[in-house]
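The values are calculated or read from the model by the stated rules, or taken from the named source; none is laboratory data. Here the structure is a predicted model, which is why all the values come from computation and not from measurement. FYI the Cβ positions are ideal-geometry reconstructions off the backbone, even for glycines, and counts take in every protein chain you see.
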Amino acid sequence: MDSKLQIFVLFGIVVFLVCSEAPFVKMTNAACESFNKSWVAFHYCRLKAYSRNKTSLNINATFLEPTNNVSIRLKILKKANGYKPFLFDFSFDACEFMRRRNKPVAKIVWNLIKDVSTVNHTCPYVGLQTVSDFHHIHIPLPWPSGDYLIFGDWFFYNKLIFETNVSFTFMEDL
């Protein structure tokens, strides 16, 4: 009876250690800039610190004119003696993606923000658009530790309207 209890406790400890190991991701900076303030106005774009290890992203923007043609260019840069290109640099049609969800990298980003944003419908986009209290980041790919920057350039009718830049630290807990 005592050996069964010991095996059960040992199994519980192993399960706890395996399940509790997770990567540490902390957003360190957020910047949003509108290049056409008559089309998109940012009310705020900031990080809110809850603790030393937890921050949340809050973006509040108003699209003043409706748009049916949105393209996004996403780039990830890794900090190594300055920011260097890393992993991907691609563009996609956001209106088509919201109808079909057919771009794998865009789908990873979409799965991160879909529960905390109001951009969960197809075109046209007009009015208040928000990302609020975004803090849970789960990257489903193997990822090296380091500092990263995600550049997002947003085009309406093939004209650069605004950009969003979010930097974060990723630490693999081995």
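Identify the residue in region 93-106 that is surrounded by 12 or more Cβ atoms within 10 Å (Cβ to Cβ) and under 16 Å from the mean Cα position of the chain (by Cα) and, among all such residues, is modelled with the lowest pLDDT. Outline the logic, then answer.
Kept after step one, since they are surrounded by 12 or more Cβ atoms within 10 Å (Cβ to Cβ), are these residues of region 93-106: 93-98, 101, 103, 105-106.
Among the residues that remain, those that are also under 16 Å from the mean Cα position of the chain (by Cα) are: 94, 103, 105-106.
Numbers: Ala94: 92, Lys103: 86, Val105: 80, Ala106: 85.
This residue is Val105.
Please specify each residue of region 107-155 satisfying the condition of being under 10 Å from the mean Cα position of the chain (by Cα) and among the polar types (S, T, N, Q).
Asn111, the sole residue that qualifies.
Does any residue of region 81-89 turn out to be surrounded by fewer than 17 Cβ atoms within 10 Å (Cβ to Cβ), touching a helix residue (DSSP H, G or I) at 6+ places or on another chain (Cβ under 9 Å) and farther than 29 Å from Pro142 by Cα?
No; the residues of region 81-89 include none that is surrounded by fewer than 17 Cβ atoms within 10 Å (Cβ to Cβ), touching a helix residue (DSSP H, G or I) at 6+ places or on another chain (Cβ under 9 Å) and farther than 29 Å from Pro142 by Cα.
Here are His121, His138: which of them is outside any strand (DSSP E or B) and closer than 16 Å to Phe170 by Cα?
Working: His121 fails: closer than 16 Å to Phe170 by Cα.
From the options His121, His138, the qualifying one is His138.
Output the number of residues of region 114-128 satisfying the condition of being within 25 Å of Val25 (Cα to Cα) and in contact with a Phe, Trp or Tyr (Cβ under 6 Å, 6 or more places away or on another chain).
Pass one, region 114-128, residues within 25 Å of Val25 (Cα to Cα): 114-120.
Filter once more, so that each one left must be in contact with a Phe, Trp or Tyr (Cβ under 6 Å, 6 or more places away or on another chain): 116.
Summing the residues that are within 25 Å of Val25 (Cα to Cα) and in contact with a Phe, Trp or Tyr (Cβ under 6 Å, 6 or more places away or on another chain) in region 114-128 gives 1.
Can you name every residue in region 123-143 that is at pLDDT 90 or above and exposed (fewer than 13 other Cβ atoms within 10 Å of the Cβ)?
Gly127, Leu128
Tell me whether region 67-78 contains one or more residues that are under 22 Å from Asn111 (Cα atoms) and free of Cβ contacts under 8 Å to residues at least 24 places away in the same chain.
no
Could you list, in sequence order, the residues of region 109-148 that are in contact (Cβ under 8 Å) with a residue 60 or more places away in the chain, more than 28 Å from Asn68 (Cα to Cα) and hydrophobic (A, V, I, L, M, F, W, C)?
The answer is Ile137, Ile139, Trp143.
From the residues in region 107-121 that are exposed (fewer than 13 other Cβ atoms within 10 Å of the Cβ) and under 23 Å from Tyr157 (Cβ atoms), which one is modelled with the highest pLDDT?
Out of the qualifying residues, it is His121.
Taking region 144-171, which residues are more than 22 Å from Asn60 (Cβ to Cβ) and either surrounded by 14 or more Cβ atoms within 10 Å (Cβ to Cβ) or of a type in the set (Gly, Ala, Ser) (or both)?
Kept after step one, since they are more than 22 Å from Asn60 (Cβ to Cβ), are these residues of region 144-171: 144-148, 157-159, 169-171.
Residues satisfying the conditions are Ser145, Gly146, Asp147, Tyr148, Thr169, Phe170.
Among the residues of region 50-64, write down those that are over 19 Å from Ile113 (Cα atoms) and surrounded by 13 or more Cβ atoms within 10 Å (Cβ to Cβ).
Hit for region 50-64 is Leu64, nothing else.
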